[in-house]
Amino acid sequence: QEHVCSLPKVPFRGAPCSDAAGSQVPYAAIMKQVNSSLSGLLWDQVQKAPFYEYKDSVGQFHQVWFDDPHSISLKAAYVKSRGLRGIGMWNGNSLDYSREAAAEQQTQAMWQALTP
């Protein structure tokens, strides 16, 4: 099916299928790969999150879901509009803290997105 990627059944803490079948990818790698991916940047309206698809060197299909400044800002605005006490994020050290201009801009945008 279009844009449907099934996870293998890898038990994790009692769940028969989980994201334990996947792996974490640093934001810097995502930003470098998304533009050359098979699908280009895609957007899921239900999850309010971007993703893309690619095939690796042996032809295996992959799907990468992530947050960007736009998706983070939507989630932060939702939290604020509902009067919730806060927002969490998965792993801030996966951002690119190198001194490259594009990396600095991306990282700053991600942190700024947390404050709607």
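Of the residues making up region 58-75, one or more are open to solvent by 100 Å² or more (accessible area, probe 1.4 Å) and part of a loop (DSSP other than H, G, I, E, B).
Applying the condition of being touching a strand residue (DSSP E or B) at 6+ places or on another chain (Cβ under 9 Å) and of a type outside the set (A, V, I, L, M) to region 46-57 and asking which residue is surrounded by the fewest Cβ atoms within 10 Å (Cβ to Cβ) yields D56. For region 94-105, the count of residues that are of a type outside the set (D, E), out of contact with any helix residue (DSSP H, G or I) (no Cβ under 7 Å at 6 or more places or on another chain) and within 22 Å of S39 (Cβ to Cβ) is at least one. Within the option set A28, A109, being in contact (Cβ under 8 Å) with a residue 60 or more places away in the chain, outside any strand (DSSP E or B) and touching an Asp or Glu at 6+ places or on another chain (Cβ under 9 Å) holds for one residue only, A28. If you go through region 36-45 and keep only what is open to solvent by 60 Å² or more (accessible area, probe 1.4 Å) and at pLDDT 90 or above, you end up with L41, W43, Q45.
Return a yes/no flag: does region 19-35 have any residue that is at pLDDT below 90, open to solvent by 70 Å² or more (accessible area, probe 1.4 Å) and over 30 Å from A101 (Cβ atoms). Taking every residue of region 19-35 in turn, at least one turns out to be at pLDDT below 90, open to solvent by 70 Å² or more (accessible area, probe 1.4 Å) and over 30 Å from A101 (Cβ atoms).
The values are calculated or read from the model by the stated rules, or taken from the named source; none is laboratory data. Please read all numbers here as calculations on a predicted model, not as lab measurements. Here the Cβ is made from the backbone with ideal geometry for all residues, glycine too, and neighbour counts use every protein chain on show. Side chains are part of the model used for accessible areas, which takes the heavy atoms of the whole protein and leaves out ligands, DNA and RNA. Shrake-Rupley method; radii C 1.70, N 1.55, O 1.52, S 1.80 Å.
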